1. Given points 7 Å out from each Cα along the Cα-Cβ axis, report the HIS14 to ARG129 separation in nanometres with one decimal.
2. Taking the Cα atoms of the chain, what is the range of coordinates along each of the three principal axes, in descending order and whole Å?
3. Quick one: which residues, 5+ away or cross-chain, put their amide H under 5 Å from the amide H of THR24? H built at 1.01 Å from N.
4. Please compute P(r) over all alpha-carbon pairs of region 3-78, binned at 10 Å starting from zero, and give each bin as a whole-number percent.
5. Measure nothing but the geometry: give the 0 to 90° angle between the long axis through the Cα atoms of 142-153 and the longest principal axis through the Cα atoms of the chain, rounded to 10°.
6. Mind checking the angle between helix 105-117 and the chain's longest principal axis? C-alpha axes, 0 to 90 degrees, to the nearest 10.
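Every number in this text was worked out from the coordinates using simple rules, so none of it is lab data. Just so we're clear, the structure is a prediction, and the values are computed from it rather than from any experiment. FYI the Cβ positions are ideal-geometry reconstructions off the backbone, even for glycines, and counts take in every protein chain you see.
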Amino acid sequence: MSLSISLAINGRQHDVALNDPRVTLLDLLRERLDLPGTKKGCDRGQCGACTVLVDGRRINSCLALAASMDGAEITTIEGLAEGDELHPVQAAFIEHDAFQCGYCTPGQIMSAVGLIKEGMAGDDPERVRELMSGNICRCGAYQGITEAVLEAGR
Ligand code: FES
């Protein structure tokens with residue numbers, strides 16, 4: 001049985017037929033819609049590499065069924081920059097060396113964009129660390145990440 005969903009991704013409408021109702025939003029983005037910027041780390045909700053915004057809220061896309069996304073507005077890392085102009089959070093990550101290998105970076109940035117949108121960034125590094133704690137960086141670039149989020153949130 002195939003299920004059809006219609007969703008907006010980075011401002012572009014997509015109509016998708018799902019042959020398998022168990023496909024996750026993460027796999028839909030990466031494997032069907034050619035949007036590999038969202039990364040797969042653990043595939044079980046523990047690392048945050050797959051973070052995207054759904055209707056402005058950050059979620060782990062590995063835990064969300066694509067079938068539940070009918071009518072949703074999704075933002076992925078590919079949708080942040082405007083032409084050659086980086087999103088302020090992207091620019092802050094570069095400014096503060098907020099990555100090493102870069103694998104977790106799209107998820108870190110999407111999570112930061114989400115928490116800034118929610119008005120949660122504030123100016124307390126400990127609070128930012130706590131709010132970003134769902135995003136793991138195996139290289140340990142947490143200091144730069146926290147500084148970048150604080151700057152972008154000002
Ligand atoms: Fe989704 Fe790790 S890949 S939380």
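1. Distance between the two pseudo-spin positions: 3.6 nm.
2. Principal extents (largest minus smallest coordinate, Cα): 49, 30, 25 Å.
3. ALA66
4. 21, 61, 18
5. Helix 142-153 sits at roughly 80 degrees to that axis.
6. The answer is roughly 80 degrees.
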